[in-house]
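Peer 1: Below: one structure in structure tokens.
The values are calculated or read from the model by the stated rules, or taken from the named source; none is laboratory data. Computed from a prediction, not measured in an experiment: that's the story for all the values here. Neighbour counts are summed over all protein chains in view; Cβ atoms, including those assigned to glycine, are modelled from backbone coordinates with ideal geometry. With ligands, DNA and RNA removed, areas are computed over all heavy atoms of the protein, side chains included. Shrake-Rupley method; radii C 1.70, N 1.55, O 1.52, S 1.80 Å.
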Amino acid sequence: MTFKKTLAATLVVSALGLTSAVQAQTIRIGNQGDALSMDPHSLNETTLLSVTGNVYEPLVGRDSGLKLTPRLATSWTQTSPTVWEFKLRKGVTFHDGKPFTADDVLFSIARAQGEGSDQKAATSSIAEVRKKDDFTIEIVTKAPDPLLPDALATVYVMSQAWCEENKATLPVDRRKGIENAASFKANGTGPFRLRSRQPGVKTTFVRNGNYWGKIEGNVVNVEYTPISNDATRVAALLSGQVDVVEPVPLQDVARINGSGKAKVQQGPELRTIFLGMDQQRDELLYSSVKGKNPFKDKRVRQAFYQSIDIKGIQRAVMRGASKPTGLMVGEGVNGFDASLNKRLPYDVEAAKKLMADAGYADGFEISMNCPNDRYVNDGGICQAVAANLAKINVKVNLQAEPKATYFPKVLKRDTSFFMLGWTPSTYDAHNVLMANIHCVEEKGAGQFNLGAYCNPKIDELTAKIQSETDKSKRDAMIREAFKMHSDDIGHLPLHQQALAWGVANKVKLTQQADNMMPFRYMSVK
């Protein structure tokens, strides 16, 4: 790094108002992007769920090893094929002192299923929630759903009284830009309380002294600051102005490890990065092709696929910290089948022939929507894809932007060609089939199938997979569904990215493969 770049990074850090003073039992986190809301039902995105998951809690959570563990429910039992009974934890209070009861659970699930919610996919199997008493509920599913407790692990419980008092009974709708008090305030039962919220600047948290359970770490205060610039984020870590950064720019891993001040914790992530295409509209919103949609032609989708030099992206953009994939799930997700995980070959000449056969020998223009502060080197990946597509005469008008504007745009399907990353919250392939591949429906199925790919045969299999308890039969159906999706070239899978967190030597934390960052496991030496 040149002196000018170093000086510029230092000046930006100073402008952020970060202080180098060491504060006992305080951890300062610098992330490339902010949690876009404090409303836990507003966006099904890992950063938001990770941050709000320190304040709010689900009925069933996950421990540091990602195993299901009791949170606001102490036990859960499938009492019949379509009924689950949950015993709720007694003696729990929200941060405002009001008691937690079954009424809050019924309200929260209804809210997560309601207008504007981004958690419809997680609750799509639920037909009814019944209150048996103040600390017992029954959830009735539309069909047998053995994975319901897993699905509920990211559906956080809110106080009904607080939401009513604050006019926040409906979720913040990121698609429509609708805000309410839950965007900026929070009242959960979790191990940390929200102290202050300055969107895009800094959010602070304090340990909940009345928490019902054990908080494993010793941290009292947490400061969360979005730092989008890579150089600035690394400079802040090495100067001691922040204690944890995520992600670490891959080109800076060796420098941080050799600094003597911090180390990089690296590990596999369950997230798959992929590209999607509008396959529904008769004419694309953002393309030079008029009167038809080239993505409805499988030959065009395959040409795009085979023109992407995924090994080049792995080498030059990801610096080896990625695993190219031919599937929408990776190793570690239940239902992953290594024998299916084979990409079509990178072959520019074959791609050109496919384009010519489809009537696009001269190519066309297309706009591509990408975030530039959400996934590891997301902007760089999209630039590389654009350069690859130029070889088959496709001119990509790249629109890379912060996730604060990117997500509202693509979530309302105002896009023709886009990047997305997905970690199945249940760590099961059914989650991806239901959320990303299923034909789009109003009740949550296909909620994140933003290009509206549709194969009814896969939908039939997805419904059977949800209720099947025989593992061998279930795995066979998952394999069949993914084989159909691959044959259709429903999406363009790219890779699973690797985690890279920069951690000051004085800090101890737990890195999870779902990229969640629970404050409860953090300690300052």
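Peer 1: Only bridges with both residues in the chain count here: give the DSSP antiparallel percent, nearest 5. Intermediate results must be reported in sequence, preceding the final value.
Peer 2: On the way: 58 of 77 bridges.
So the antiparallel bridges amount to about 75 percent of the total.
Peer 1: Less than 12 Å Cβ to Cβ from Leu492, Lys/Arg counted +1 and Asp/Glu -1: what total charge do the surrounding residues give?
Peer 2: +1
Peer 1: Charges at C-beta only: +1 for Lys and Arg, -1 for Asp and Glu. How large is the resulting dipole of the stretch 22-94 about its Cα centre, in Debye rounded to 20?
Peer 2: I would put it at about 340 debye.
Peer 1: Another question about this same structure. Can you give the charge dipole size of the stretch 27-144 about its Cα centre, rounded to the nearest 20 debye, using +1 on the beta carbon of Lys and Arg and -1 on the beta carbon of Asp and Glu?
Peer 2: Computed about the Cα centre, the dipole is about 360 debye.
Peer 1: Further, regarding this structure: Where Lys and Arg each count +1 and Asp and Glu each count -1, what net charge lies around Glu246 among other residues with Cβ under 15 Å from its Cβ?
Peer 2: So the environment of Glu246 carries a net charge of -4.
Peer 1: A follow-up question, please. Could you pull out every residue, at least 5 positions away or on a different chain, whose amide H is within less than 5 Å of the one on Leu499? Hs are placed 1.01 Å off N in the peptide plane, and Pro or chain starts have none.
Peer 2: Gly267, Glu269
Peer 1: Counting only helical runs of four or more DSSP H residues, what would the 222 nm mean residue ellipticity of the chain come to if each run contributes -39,500 (n - 2.57) and the total is spread over all its residues?
Peer 2: The helix-only estimate for the chain comes to -7000 deg cm²/dmol at 222 nm.
Peer 1: Assuming 1.567 mPa s and 4 °C, estimate D for the stretch 457-525 with Stokes-Einstein, Rh taken as the Kirkwood radius over Cα pairs, in µm²/s. Please list the in-between numbers first.
Peer 2: Numbers: Rh = 15.8 Å.
In µm²/s, the coefficient rounds to 82.
Peer 1: Over the chain, what is the relative contact order in whole percent, taking alpha-carbon pairs under 8 Å and six or more residues apart?
Peer 2: That works out to 20 percent.
Peer 1: I need the phi-derived Karplus couplings for the stretch 30-45: 6.51 cos²θ - 1.76 cosθ + 1.60, θ = phi - 60°, integer Hz, Gly and Pro marked x.
Peer 2: Each residue's phi maps through the Karplus curve to give x, 10, 5, x, 8, 6, 6, 6, 9, 7, x, 9, 8, 8, 7, 10 Hz.
Peer 1: Let me ask something else about it. Please report, to two decimal places, log10 I(q)/I(0) for the chain at q = 0.06, 0.08, 0.09 Å⁻¹ as given by the Debye formula with identical point scatterers on the Cα atoms and no solvent.
Peer 2: One equal scatterer on each Cα of the chain leads to -0.28, -0.51, -0.65.
Peer 1: Can you check what the Kirkwood hydrodynamic radius comes to for the stretch 27-159, Cα pairs only, in Å to one decimal?
Peer 2: 15.3 Å
Peer 1: Once the piece of chain linking Leu285 and Glu216 is laid out straight, how much longer is it, given 0.36 nm per residue of separation minus the C-alpha distance between them?
Peer 2: 19.8 nm
Peer 1: For Val394, list long-range residues whose amide hydrogen, built 1.01 Å from N in the peptide plane, is under 5 Å from its own amide hydrogen.
Peer 2: Phe364
Peer 1: Classify the stretch 191-345 as rounded, prolate or oblate from the Cα gyration tensor: take a ≥ b ≥ c as the square roots of its eigenvalues, call it rounded if a/c is under 1.5, otherwise prolate when a/b beats b/c and oblate if not.
Peer 2: On the way: a/c = 2.06, a/b = 1.80, b/c = 1.14.
Since a/c reaches 1.5 and a/b is larger than b/c, the shape of the stretch 191-345 is classed as prolate.
Peer 1: Follow-up. Residue by residue, what Karplus-based ³J(HN,Hα) values in Hz, rounded to whole numbers, does the stretch 119-126 have, using 6.51, -1.76 and 1.60 with θ = phi - 60° and x for Gly and Pro?
Peer 2: 10, 5, 4, 5, 10, 5, 7, 7
Peer 1: If I model a spin label at Thr136 and Val83 as a point 7 Å from the Cα along the Cα→Cβ vector, what separation in nanometres do I get?
Peer 2: So the two model labels end up 1.1 nm from each other.
Peer 1: Would you work out which of Met355, His495, Thr469 lies farthest towards the positive end of the dipole of the chain? Charges go on Cβ: Lys and Arg +1, Asp and Glu -1.
Peer 2: With unit charges placed on the Cβ atoms, the residue in question is His495.
Peer 1: Once you have a ≥ b ≥ c as the square roots of the Cα gyration tensor eigenvalues for the stretch 391-525, tell me rounded if a/c is under 1.5, and otherwise prolate or oblate according to whether a/b is larger than b/c.
Peer 2: oblate
Peer 1: Can you give me the orientation-averaged projected area of the convex hull built on the Cα atoms of the stretch 19-78, in nm²?
Peer 2: Approximately 6.4 nm², given one-decimal rounding.
Peer 1: At most 16 other Cβ atoms within 10 Å and a DSSP loop assignment: could you name the trypsin sites (Lys or Arg not before Pro) in the stretch 263-328 that fit?
Peer 2: Sparse-neighbourhood loop trypsin sites (Lys or Arg not before Pro): Arg281, Lys290, Lys292, Arg319.
Peer 1: In the stretch 279-423, what is the volume of the convex hull around the alpha carbon atoms, normalised per residue and reported in Å³?
Peer 2: Residue-normalised Cα hull volume stands at 120 Å³.
Peer 1: So how many Å³ per residue does the convex hull of the Cα atoms of the stretch 73-151 work out to?
Peer 2: 97 Å³
Peer 1: Would you grab the residues whose amide H sits under 5 Å from the one on Glu401? Only those 5+ places off in sequence or on another chain, please, with H modelled 1.01 Å from N.
Peer 2: Sorted by chain and number, the residues that satisfy this are Cys370, Asn372.
Peer 1: Follow-up. Please give the charge dipole size of the chain, origin at the Cα centre, charges +1 on K and R Cβ atoms and -1 on D and E Cβ atoms. Round to the nearest 20 debye.
Peer 2: For this selection, approximately 1300 debye.
Peer 1: Please work through the chain and write down the cysteines that have no neighbouring cysteine Cβ at a distance under 4.7 Å.
Peer 2: Cys163
Peer 1: Would you kindly work out the equivalent ellipsoid of the stretch 347-413 from its C-alpha gyration tensor and give its semi-axes, the square roots of five times the eigenvalues, largest first in whole Å?
Peer 2: 27, 13, 8
Peer 1: Sticking with this one: Solvent-accessible area of His95, probe 1.4 Å, all protein chains present, reported in Å² to the nearest ten, please.
Peer 2: Spelled out: His95, probe radius 1.4 Å, area about 30 Å².
Peer 1: Subtracting the Cα-Cα distance from 0.36 nm times the residue separation, let me have the gained length for Asp362 to Val348 in nm, one decimal.
Peer 2: Working it through step by step, the gained length comes to 3.6 nm.
Peer 1: As a test of reading the structure, rank Trp212, Trp501 by solvent-accessible area (1.4 Å probe, protein chains only), most first.
Peer 2: Trp212, Trp501
Peer 1: Want the number for Glu441 to Thr405: 0.36 nm per residue separation, take away the alpha-carbon distance, what's left?
Peer 2: Working it through step by step, the gained length comes to 10.5 nm.
Peer 1: Rounded, prolate or oblate: which fits the stretch 350-468, taking a ≥ b ≥ c as square roots of the Cα gyration tensor eigenvalues, rounded meaning a/c under 1.5, else prolate when a/b beats b/c?
Peer 2: In terms of gyration-tensor shape, oblate.
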